[in-house]
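The values are calculated or read from the model by the stated rules, or taken from the named source; none is laboratory data. Just so it is clear, the model here is predicted, and its values are computed rather than measured. Please note: Cβ atoms are built from the backbone with ideal geometry, for glycine as well, and neighbour counts cover all protein chains shown. Keep in mind that these areas ignore ligands, DNA and RNA; they rest on the heavy atoms of the full protein, side chains included. Shrake-Rupley method; radii C 1.70, N 1.55, O 1.52, S 1.80 Å.
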Amino acid sequence: MAYTFCNSCGHRNPPDSTFCSACGTVLDHLGERTIVLSKVDSLQDAPGSQDNVQILLSEIRGQDGAHGLLVMRSGERSGERFSLTSERLEIGRNPECSVCLDDVTVSRRHAEIRSVDDHYVVTDLGSLNGTYVNQERVEEVVLQNGDELQVGKYRMVFFDGAGI
């Protein structure tokens, strides 16, 4: 006998049930309908409108040839931004890092972003929890406009002003 589990509370229900006997939620039966999963948009939760982002990027372009911007995506630091104005930006828990993220999920020296020619490269510095770009663990990767960078529990969106 195959049971139907509630997506809300996880309660096991008989296979013919329409509603969860524990919480009353409508049960999904995969044989009767199609579930569609939409593509995740890395910019959907980015703070500010696209116009505000373009204004920020135009300000950054005037600073020593820099054209990159990291915007904190969620949490108590949501909206905080870090301009990539130097050749190297270090991310970690150490207060000496350019981007100090004070949380146990972040290594002391977690990752770095380097300016190479006309683009930015993120490199994991041997962190315990890894560095993720667009939800994939990476050792080193070239950042593209709109990429989501995750360091520990922190998620940031990378904006590249060179192509805008």
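Out of (1) modelled with pLDDT of 90 or more; (2) in contact with a Phe, Trp or Tyr (Cβ under 8 Å, 6 or more places away or on another chain), the odd one out for CYS100 is which?
Failing condition for CYS100: (2).
Within the set of pairs 6+ apart or on separate chains, which have a first residue in the stretch 111-133 that is in contact (Cβ under 8 Å) with a residue 40 or more places away in the chain and among the small types (Gly, Ala, Ser), a second that is in a strand (DSSP E or B) and open to solvent by 10 Å² or more (accessible area, probe 1.4 Å), and C-beta atoms under 6 Å apart?
ALA111/ASP124
Among residues belonging to the stretch 116-132 that are in contact with a Leu (Cβ under 9 Å, 6 or more places away or on another chain) and surrounded by 15 or more Cβ atoms within 10 Å (Cβ to Cβ), point out the one that is modelled with the lowest pLDDT.
Initially, the stretch 116-132 is screened for residues in contact with a Leu (Cβ under 9 Å, 6 or more places away or on another chain), giving 119-122, 131-132.
Imposing the further condition that a residue be surrounded by 15 or more Cβ atoms within 10 Å (Cβ to Cβ) reduces the set to 119-120, 122, 131-132.
Values: HIS119: 86, TYR120: 92, VAL122: 96, THR131: 95, TYR132: 94.
Only one residue fits best here, namely HIS119.
Among the candidates ARG12, ARG77, which residue alone is modelled with pLDDT of 80 or more and within 28 Å of ASN134 (Cβ to Cβ)?
Among ARG12, ARG77, only ARG77 is modelled with pLDDT of 80 or more and within 28 Å of ASN134 (Cβ to Cβ).
Let me spell it out: the conditions are (1) touching a Leu at 6+ places or on another chain (Cβ under 6 Å); (2) surrounded by fewer than 15 Cβ atoms within 10 Å (Cβ to Cβ), and ILE113 meets all of them except one. Which number is the exception?
With respect to (1) touching a Leu at 6+ places or on another chain (Cβ under 6 Å); (2) surrounded by fewer than 15 Cβ atoms within 10 Å (Cβ to Cβ), ILE113 is out only on (2).
Does the stretch 133-161 hold any residues that are open to solvent by 40 Å² or more (accessible area, probe 1.4 Å), more than 17 Å from VAL104 (Cβ to Cβ) and not aliphatic (A, V, I, L, M), and which are they?
Going through the stretch 133-161, the residues open to solvent by 40 Å² or more (accessible area, probe 1.4 Å) turn out to be 134-137, 139-142, 144-145, 153, 155.
Still in the running and more than 17 Å from VAL104 (Cβ to Cβ): 134-137, 139-142, 144-145.
Correct list: ASN134, GLN135, GLU136, ARG137, GLU139, GLU140, GLN144, ASN145.
Of all residues in the stretch 85-108, count the ones that are under 19 Å from GLU148 (Cα atoms), among the basic types (Lys, Arg) and not in a strand (DSSP E or B).
So the count comes out to 0.
Out of the stretch 125-164, which residues are within 8 Å of the chain's Cα centre (by Cα) and charged (D, E, K, R)?
Those that are within 8 Å of the chain's Cα centre (by Cα) and charged (D, E, K, R): ASP147, GLU148, ARG155.
Taking the condition of being surrounded by 13 or more Cβ atoms within 10 Å (Cβ to Cβ) and modelled with pLDDT of 90 or more, how many residues in the stretch 81-97 meet it?
Initially, the stretch 81-97 is screened for residues surrounded by 13 or more Cβ atoms within 10 Å (Cβ to Cβ), giving 81-86, 89-94, 97.
Among the residues that remain, those that are also modelled with pLDDT of 90 or more are: 89-94, 97.
Within the stretch 81-97, residues that are surrounded by 13 or more Cβ atoms within 10 Å (Cβ to Cβ) and modelled with pLDDT of 90 or more number 7.
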